[in-house]
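Right, one structure below, let's go through it.
The values are calculated or read from the model by the stated rules, or taken from the named source; none is laboratory data. Owing to the predicted nature of the structure, the values given are computational and were not obtained by experimental measurement. Reconstructed Cβ throughout: ideal geometry from the backbone, glycine too, with neighbour counts over all protein chains shown.
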């Protein structure tokens, strides 16, 4: 009985292993009478569920006030100038006036690039370094939060 | 009316306030530091604003940024939670100047109660019992007369003092002369000033506090007491409502004194009058002009949502209850779950790998924690509060024992094992403890 079973096992396993390779499957399981064999490719992840359950959240993440439209790559761009404070960003010194900067402008370190209004105070935001403005990530009169990328200076 | 509330806090209390706002149909704005971008209160809020880097000073304590966040979101009210800016009179004034409602008392009341001396004077004027003491300096010549008036034992303290120096206890008249002269010479050596004053000495007091809510127009109620005697380094660890030490008559008497005082003061919002309690007498310590961490045990035994009441009175709608409507039902205990080693109390920030909150009848968990949440190292270690309610203290304790075994927080150390230990202690079972009990107990345990 034991011999017979072992014989069956070996032959069957070899067959299954060959099929596994030919078909490029990761796992085969067969059942015959009271015998069940599973052949699986070693090292292949078999997880049905993620190893750590994602935090159960009834609600989706809220719309962060001003960040929804910001491209993800700009967020991580080390050349981006980020908002040092919360407030409303203005691109020109007065409504209708010419903007401080445009895409393609050369800026000098310390030059005002935009204004953030907070608590009725206009805060001039200086360029942290000299360079060329390649992107403006905020629109005029839009709210910004702390750390939000404003412009990119290359 | 209030239509959008900015919650100027983080952690479990931000979530607590958010829940009340949602129930009242009020829009919510969460503010957060860069370290809290993944926090639960941020995820559940209608809008969020990042207000600064991790240090509290530059984010949660930054008035300028918080007011700017109100402006860009159009929030018409701010709930400060507890801690941070909740007892900052200047913050209340600035919001007022910007036409934003501060969900709390007036700046004037915050200021009065924030100063030890004016708080005690005001309490006394309002008829609240204070620790009896000498009005001003005590000289060796008049010490006996003053001490007899106060009643022994008495404590002699340096007027310039602090840190336990220049402090001596006189248990009886026989000790008095020596206590006064030692305190005076210690005071002179330590502070260059030998002036001392005298106070009633309390050897084994309990910490009992009365919850009050006022509408700011001369109406106020009390919601009974909380016993917060189990403390470690002046941090409350375990709180109960009602106190195992008070009977109905005592409860209603001290409660009424506090409610009457708040009516006279025209106090607005939730507040807590804290007392030391010994031998049937109450002695005022301070008043907290905000929501307390342990407020849920009062909610459990009264069924009244304190944050709802805060928002109501801030919007001018008045209180939803009269004193005669308030009924105390059963018993509630709160355990503060800290991310700390349960023996050494060393903070244990890190990632929570598994989180299972207990459930069942009479169980409430207020926590911003979840599986995969990383506890930032910048803020306090409170990660959740477990509140258990039962029809009486015995049922409450039995339920708490069951619930503590059910609560799972893996990946960090928490104070859960401390509570599993306390629930089996005979003194705790008997409600027989004072403000020194826990520290003595922990010290003896370490020695053993």
Hits in region B:300-330 (condition: touching a strand residue (DSSP E or B) at 6+ places or on another chain (Cβ under 9 Å), within 23 Å of residue B:6 (Cβ to Cβ) and surrounded by 18 or more Cβ atoms within 10 Å (Cβ to Cβ)): B:306, B:307, B:309, B:310, B:311, B:312, B:313, B:314
Being closer than 22 Å to residue A:142 by Cα and surrounded by fewer than 18 Cβ atoms within 10 Å (Cβ to Cβ) narrows B:52, B:136, B:114, B:74 down to just B:74
So which strands (runs of 3 or more DSSP E) stay within region A:42-134 end to end and still have 3 or more residues that are closer than 27 Å to residue B:59 by Cβ, at pLDDT 85 or above and away from chain B (no Cβ under 14 Å)? A:112-118
I'm trying to understand the selection: among the residues of region B:366-408, which are within 14 Å of chain A (Cβ to nearest Cβ) and either surrounded by 20 or more Cβ atoms within 10 Å (Cβ to Cβ) or under 30 Å from residue B:58 (Cα atoms) (or both)? B:367, B:368, B:369, B:370, B:371, B:372, B:373, B:374, B:375
Determine which member of the set B:368, B:372 is in a loop (DSSP other than H, G, I, E, B) and over 22 Å from the mean Cα position of the chain (by Cα). B:372
Within region B:30-62, residues being more than 8 Å from chain A (Cβ to nearest Cβ) and within 15 Å of residue B:79 (Cβ to Cβ) number 4
Could you pull out every one of the helices (runs of 4 or more DSSP H) wholly within region B:386-448 that has 3 or more residues that are under 25 Å from residue B:362 (Cβ atoms)? B:393-406, B:416-422, B:426-430
Can residue B:11 be described as more than 9 Å from every other protein chain (Cβ to nearest Cβ), modelled with pLDDT of 95 or more and more than 26 Å from the chain's Cα centre (by Cα)? no
Being under 24 Å from the mean Cα position of the chain (by Cα), under 30 Å from residue B:316 (Cα atoms) and assigned to a strand (DSSP E or B) narrows it down to one residue among B:240, B:225; which is it? B:225
